[in-house]
Amino acid sequence: MFPDAEQIIIEIGYGGGEHLALEAGRHPETGYIGCEVFTGGIGKMVQTIAAEGLSNIRLFTDDALKLLMELPDASVDEVYLLYPDPWPKTRHHKRRFVSPTTLGELARVIRPGGVFHFASDIEDYANWTLAHVVRAPEFRFAPEKPGGWHEPYPGWEATRYEQKARREGRLISFYFSFTRV
Ligand SMILES: C[S@@+](CC[C@H](N)C(=O)[O-])C[C@H]1O[C@@H](n2cnc3c(N)ncnc32)[C@H](O)[C@@H]1O
């Protein structure tokens with residue numbers, strides 16, 4: 001898929017694709033796999049790839065869990081899950097992307113030393129994710145300082161959903177990075 005890529009990075013649920021296109025343009029030596037099920041987002045991404053001549057992006061147009069399940073062990077350097085659907089109602093929590101099953105697959109496909117990034121403006125989903133990750137011994141959460149998880153990733157530009165959260169008054173986000181031990 002990427003015979004010459006120095007790294008492989010996956011973005012799950014890229015939405016409008018702003019972060020995926022920005023990162024792929026910044027790092028042409030890295031291979032990016034974007035996963036999205038929303039047809040409008042896929043179409044926009046295809047247009048962006050053509051318009052910007054991005055040759056280092058491949059698109060997976062089905063449930064990202066299916067992609068993870070097909071990938072070999074320790075074959076990916078980083079995975080981004082940015083502003084995933086929050087499913088706020090308790091009876092819908094089981095639809096959240098972060099689960100023991102997906103964390104197990106992420107732990108399997110991310111190489112030791114690789115990173116799983118999770119960002120959200122929804123505190124309940126951030127707590128949910130931490131509660132699941134602490135039960136997954138394959139991942140280490142070691143922030144440099146208390147509250148450092150409110151500082152965006154280096155080079156960060158707000159995604160469409162982050163901009164929407166800010167417009168709606170949710171000004172604090174969580175930017176977690178979990179290292180595969
Ligand atoms: C709330 S939007 C966030 C989009 C973008 N990351 C952003 O920050 O603007 C979540 C996206 O994840 C996609 N999505 C949800 N479940 C998915 C899955 N299992 N596999 C791939 N994409 C998924 C949805 O279609 C939607 O576009």
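Of all the residues in the stretch 121-142, those that are open to solvent by 40 Å² or more (accessible area, probe 1.4 Å), touching a residue at least 40 places away in the same chain (Cβ under 8 Å) and among the charged types (D, E, K, R) number 3. Checking each residue in the stretch 39-87 for being acidic (Asp, Glu) and either within 10 Å of the ligand (Cβ to nearest atom) or touching a residue at least 12 places away in the same chain (Cβ under 8 Å) (or both) picks out Glu52, Asp62, Asp63, Asp73, Asp77, Glu78, Asp85. Assuming Tyr80 fulfils every condition listed in (1) surrounded by 14 or more Cβ atoms within 10 Å (Cβ to Cβ); (2) closer than 20 Å to Ser173 by Cα; (3) more than 15 Å from the chain's Cα centre (by Cα) apart from one, which condition is it? (3) is the only condition that Tyr80 fails.
Do the conditions hold for Phe118, that is, is it within 15 Å of the ligand (Cβ to nearest atom), open to solvent by 10 Å² or more (accessible area, probe 1.4 Å) and within 14 Å of Glu11 (Cα to Cα)? No. For the stretch 93-105, the candidate set comprises residues that are without any contact (Cβ under 8 Å) to a residue 60 or more places away in the chain, open to solvent by less than 70 Å² (accessible area, probe 1.4 Å) and of a type outside the set (D, E, K, R); within that set, the residue that is nearest to the ligand (Cβ to nearest atom) is Thr102. Within the stretch 159-174, the set of residues being crowded, with 17+ Cβ neighbours inside 10 Å and either within 8 Å of the ligand (Cβ to nearest atom) or outside any helix (DSSP H, G or I) (or both) comprises Thr159, Tyr161, Glu162, Ser173, Phe174. The residues on offer are Thr90, Thr30, and the sole one that is open to solvent by 60 Å² or more (accessible area, probe 1.4 Å), β-branched (Val, Ile, Thr) and more than 9 Å from the ligand (Cβ to nearest atom) is Thr90. The set of residues from the stretch 1-15 being within 10 Å of the ligand (Cβ to nearest atom) and small (Gly, Ala, Ser) comprises Gly13, Gly15.
Against the list (1) within 16 Å of the ligand (Cβ to nearest atom); (2) surrounded by fewer than 17 Cβ atoms within 10 Å (Cβ to Cβ); (3) touching a residue at least 12 places away in the same chain (Cβ under 8 Å), the condition Glu18 fails is (2). So, of the residues in the stretch 143-158 that are away from the ligand (no atom under 12 Å from the Cβ) and open to solvent by less than 40 Å² (accessible area, probe 1.4 Å), which turns out to be nearest to Ser177 (Cα to Cα)? Looking at residues that are away from the ligand (no atom under 12 Å from the Cβ) and open to solvent by less than 40 Å² (accessible area, probe 1.4 Å), I get Tyr153.
Of the residues Glu138, Glu123, Glu105, the single one that is at pLDDT 95 or above, within 16 Å of the chain's Cα centre (by Cα) and not small (Gly, Ala, Ser) is Glu105.
Confirm whether Gly148 is at positive phi and among the small types (Gly, Ala, Ser). So Gly148 fails the test. Residues being under 14 Å from Glu78 (Cβ atoms) and out of contact with any Phe, Trp or Tyr (no Cβ under 9 Å at 6 or more places or on another chain) are entirely absent from the stretch 55-62.
The values are calculated or read from the model by the stated rules, or taken from the named source; none is laboratory data. In this text the structure is predicted, and so the values were computed from the model without any measurement. When we count neighbours, we look across all protein chains shown, and the Cβ atoms used for this are built from the backbone with ideal geometry, even at glycine. Each accessible area value is taken on the protein alone, full model and side chains, heavy atoms only, with ligands, DNA and RNA left out. Shrake-Rupley method; radii C 1.70, N 1.55, O 1.52, S 1.80 Å.
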